[in-house]
Structure formats: structure tokens, C-alpha cells
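The values are calculated or read from the model by the stated rules, or taken from the named source; none is laboratory data. Just so it is clear, the model here is predicted, and its values are computed rather than measured. Here the Cβ is made from the backbone with ideal geometry for all residues, glycine too, and neighbour counts use every protein chain on show. We work out accessible area using only protein heavy atoms, side chains counted, and drop any ligands, DNA or RNA first. Shrake-Rupley method; radii C 1.70, N 1.55, O 1.52, S 1.80 Å.
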Amino acid sequence: KNAAVAIIPATILADSPCRLENLPDISDVKTLTYILEDMGAKVDYLDRHTVEIDPRPVETDTVSADIARRIRASYYFLGALLGRYHKAVVPMPGGCNFGIRPIDQHLKGFAALGCDYSLDNGMIAVSSPGDLHGSSIYLDVVTVGATMNIMLAAVKARGLTVIENAAREPHIVDLANFLNTMGARISGAGTDTVKIRGVNSLRGGTYAIIPDQIEAGTYLAAVTAVGGNVLVQNVIPKHLECITGKLQDMGAKVIPFDDSIRIIRSGRLRSSTAKTRPYPGFPTDMQAQVCVCMALANGTSRMTESVYETRFFGYCSELESMGARISIESKTATVVGVEQLHGATVSAHDLRAGAALVIAGLAARGTTRVQNIHFVERGYEDLIGKLTALGADIKRIEE
Ligand code: EPZ
């Protein structure tokens, strides 16, 4: 998901059609291709996971579709439109609401490339009087969004751009690889220093999106919480080490293969401590799912959140209504493991919190009803089908 939502806007930079493969069939992807169509691009879904995008008919530097307010990733159109038109007007980002999610580092990067910006009536307008020019940018915080957005704006800027203190997530490397197949000259993606040498034009091409480390990690956490023996296919095990290390600490057995990974959990989980960090640390997007494992472990565990201070509030009280024992003090949740959770009616407040509640429902005694499941379907293709194939008794109901 987090690679696809940056690569789809990036197609605007090409001067010929792009074919994207291994796309997740999720609402965030559909929203972004809808926005492209609304701007005039030609979008053809060859199958559920393959789309052909011809950006040539796009003739606007403005994202006017109201739907763009619903997902945070709309802000990648800023960097892509700046790269193509030296101007971009995009709605202020929406998306999962856990804590304030500023974009000051994105704007700092655009300013360094020669742009001015303004924020009024819910729109962000960024523009440069002439060509964007390369620059050195030191990010004050490690931020995935700003790293990717600055990369998008810099690929066609005049000269060299250096992003220091850059984020290193696999989806950043994937965006850089996609842009380089189009003729960009990006080096260092995946390290904390990314160099982008501007080029005059980018051509279309075919590109397969990397497997989603957080989607795969969520299924690994589900097996760890519920118990079982499961092979997760079409993954890059290296990208999952930051997650499987923690699950193994807690007692799961993990066997990596070339493009799949087997996880086995039998017997009681052990308590553990975890602290979320930017990649290659333990990912904040796995905080909620691993907290469910901690809620069922033998002993007291601690989870410290270092990226989004209020992420715990999306699901901890829901888990308590299922019998979990969690107390939150500043950025740390202390989880006293219990033998068993019990079913309840709970509500998803964001994508990963919702996934964690589904996992808790699978592990609990009795039936659990998770409301607002649309949050979860934003980022997990066929969640119910995949869990049913593993033996889960789960169904979607229209309320
Ligand atoms: C991306 O969000 C992901 N979303 C998030 O995943 C993920 O949690 C996050 O990266 C961290 O890995 C997408 O890729 C669409 P950041 P993003 O910019 O880019 C602060 C999911 O569940 N910050 O890396 O918005 C910010 O407040 C979603 O799939 C600034 O201060 O995250 C946060 O504390 C949820 N100024 C930290 O940096 C800025 O200009 C990391 O944010 C930008 C960010």
C-alpha cells in the first residue's frame, strides 16, 4: 500500500504510459487512480492488480477532486505536479487521525527547491517561478512522506538534490527504483542520504510494486496471537526482519524462504518490550497488532511509541473491553498478559487499529463485532477471504 500510494501519483511525471503490476486491490489505490482520471489521465485496469496509466492527457496542476481530502497520500500529487508543472494545488491531507500530522518538512523541501507555498481554504498551493533547482535538504525529523515528496519534486529539477536524514523504508526504495526505471537518476534510497540528479524527461515503463511488509506483518502477528502454522507467500523476508524479530522474542517460530515465510506458534507467548522506530526499527504500523500478542502473553510487556504519540488511543480501550489489561503512561503502554480475551462489540478508528481488533477477535473466546471495517479494507486486500482460508470464522455484515 505505502509504495503504491506514492508510485501512482508519480506516473504524472512520465511522458508516456506506465504499467503498474502487483498493485493491491484496495480502496486507497482506487481513490488515487480515480483522482488521476479526474485530472484527465487515461486509466485502464488490465486486471485487479495491474493498471495502465497514460498521463499525457493531464492538463491541470490542481487536484480538485473532493475525494482527495480523504487520504493522506493525496499529498504525493504535490511533488509529482511540481516535477511536471513547477506548480501544484492539492487539498490538505486527510487519512488516519492519530495525533497531528504536519507537513512542514515537505514544505521545507519544496522551498529549498525554489518554491513558494500558501495554505488557504483547505488547499496547499506550491509553485516555482521557473525550473526547480537542486538543493541540499536536512530533514528535522525522519519522515517517509517528506522524503518521497521531495524526491518526486526533485527528479526533474536542475542540478543535484541531496536529502539528509532521509527515511529508509522499503517503499522509499521502491519509489526510487520506479523513478529510475523511468530514467531518473536517484542514488542512496534506503540510506539516510538520498541523491537525486535532475533529468529533463522521464519515460513510462512497466513496474511491479514490492509486497507490503505491514500487510504481511499483520498476518504473521495474527498467527502469533491466535496460534497456528501458516506460510505467508509473495513477501520479501528481509523487509520483515524488523517484525519477525519481535514475534520470535515472544515465542513464535519463523522460517524464511526466498519469497515466503512460515510462522508457527504453539504454547503460551512470552512477554516482551518493544519501541517503534523508523525503518529498519520496529514499525509504528505494527504497534497495535503486536500489542494484541502482548495482551495474551505470559507476564507484563511494554510498547513504547516514538512516531505517533496518540496511536494507542485508536484501540487500547477497545481491547480492554475484550478483557485486556493495558495502562498508558505518556508514550508507553504497559500490557499485563491474560490467559484469554472475550468477544465484544468494538470499533475500528484507523487502519492498523482495526486490523488489530480483528486479530483480537480471532484470538478471543466468543464472537467479536468490529465496526467501521472500511478503515481496514483501505489497506488489506480480501482480508476476510485470506483469514477464512486459514480457518477463521469471519464474515462481513452490512449494518
Ligand atoms: C507514512 O505516513 C505511512 N503512510 C504511515 O502508514 C506510517 O505510519 C508512517 O509513514 C511512518 O512509517 C503512508 O505511507 C501513506 P511520516 P507519513 O511523514 O508519511 C512527523 C498506515 O497505517 N512529520 O513518516 O505521514 C509526523 O508527525 C499509515 O499505512 C513532521 O513532523 O509519516 C510523524 O510524527 C499510517 N513533519 C513522523 O514525522 C512532516 O512534514 C513520521 O511521519 C512530516 C512528518
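When you scan segment 314-362, how many residues do you find that are within 14 Å of the ligand (Cβ to nearest atom), more than 21 Å from E399 (Cβ to Cβ) and not in a loop (DSSP other than H, G, I, E, B)?
Residues that pass the stated criteria total 1.
Every residue in segment 181-198 that is free of Cβ contacts under 8 Å to residues at least 60 places away in the same chain and in contact with a helix residue (DSSP H, G or I) (Cβ under 7 Å, 6 or more places away or on another chain), please.
I186, A189, G190, V194, listed by residue number.
From the list A41, A88, A80, A111, which residue is surrounded by fewer than 16 Cβ atoms within 10 Å (Cβ to Cβ), aliphatic (A, V, I, L, M), away from the ligand (no atom under 11 Å from the Cβ) and modelled with pLDDT of 95 or more?
Values: A41 fails: surrounded by fewer than 16 Cβ atoms within 10 Å (Cβ to Cβ); A88 fails: surrounded by fewer than 16 Cβ atoms within 10 Å (Cβ to Cβ); A80 fails: surrounded by fewer than 16 Cβ atoms within 10 Å (Cβ to Cβ).
Only one candidate qualifies: A111.
Cβ-Cβ under 6 Å, sequence separation 6+ or interchain: first residue in segment 100-115 and farther than 8 Å from I150 by Cβ and without any contact (Cβ under 8 Å) to a residue 60 or more places away in the chain, partner open to solvent by less than 10 Å² (accessible area, probe 1.4 Å) and near the ligand (Cβ under 6 Å from one of its atoms). Which pairs?
Q105/A146
Is one or more of the residues making up segment 149-157 touching a residue at least 40 places away in the same chain (Cβ under 8 Å) and in contact with a Ser or Thr (Cβ under 6 Å, 6 or more places away or on another chain)?
As a first pass, look at segment 149-157 and keep what is touching a residue at least 40 places away in the same chain (Cβ under 8 Å): 149-157.
Checking the rest, the ones that are also in contact with a Ser or Thr (Cβ under 6 Å, 6 or more places away or on another chain) come to 154.
For segment 149-157, residues touching a residue at least 40 places away in the same chain (Cβ under 8 Å) and in contact with a Ser or Thr (Cβ under 6 Å, 6 or more places away or on another chain): present.
Does I12 meet the test of being open to solvent by 30 Å² or more (accessible area, probe 1.4 Å), away from the ligand (no atom under 14 Å from the Cβ), in a helix (DSSP H, G or I) and among the β-branched types (V, I, T)? Spell out the reasoning first.
Values: open to solvent by 30 Å² or more (accessible area, probe 1.4 Å): no; away from the ligand (no atom under 14 Å from the Cβ): yes; in a helix (DSSP H, G or I): yes; among the β-branched types (V, I, T): yes.
Taking the combined requirement at face value, the residue does not satisfy it.
Can you give me the ranges of the strands (runs of 3 or more DSSP E) entirely in segment 81-178 with at least 2 residues that are touching a Gly at 6+ places or on another chain (Cβ under 7 Å)? Outline the logic, then answer.
Numbers: elements: 87-91, 116-120, 123-127, 136-138, 160-164.
The strands (runs of 3 or more DSSP E) meeting that bar are 160-164.
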